[in-house]
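Below: one structure, written as structure tokens.
The values are calculated or read from the model by the stated rules, or taken from the named source; none is laboratory data. Since the structure is predicted, the reported quantities are computational estimates derived from the model, not experimental observations. Just so you know, the surface numbers come from the protein's heavy atoms only, side chains and all, with ligands and any DNA or RNA stripped out. Shrake-Rupley method; radii C 1.70, N 1.55, O 1.52, S 1.80 Å.
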Amino acid sequence: MRAGKVKSIGVSNFSIKHLETLLPHCKVIPVTNQEQLHPCLPETELKAYCESKGILLTGWSPFGEFGRK
């Protein structure tokens, strides 16, 4: 980031426990946490936690996999 080659960083599949372990050691807070997120798995507690820390929760979902034969 100091060299101007990176504008932001993020993490993927970090639970609240993982974030609580990581954040005290960060000089730069992750901008986003990418999680599996959809109506069947809303992750409301994680969403609230991320919002309280200023981290965007980015959702992804394996829509093509459900019921696939």
Seminar exercise, completed: Over the stretch 1-34, the set of residues of a type in the set (A, V, I, L, M, F, W, C) and over 13 Å from the mean Cα position of the chain (by Cα) is MET1, ALA3, VAL6, CYS26, VAL28
For this session: Look through the stretch 14-28, keep the residues that are modelled with pLDDT of 95 or more and assigned to a loop (DSSP other than H, G, I, E, B), and return whichever of them is nearest to LEU46 (Cα to Cα).
Result: SER15
Seminar exercise, completed: Selection from the stretch 27-49 of residues hydrophobic (A, V, I, L, M, F, W, C) and open to solvent by 40 Å² or more (accessible area, probe 1.4 Å) yields VAL28, ILE29, VAL31, LEU37, CYS40, LEU41, ALA48
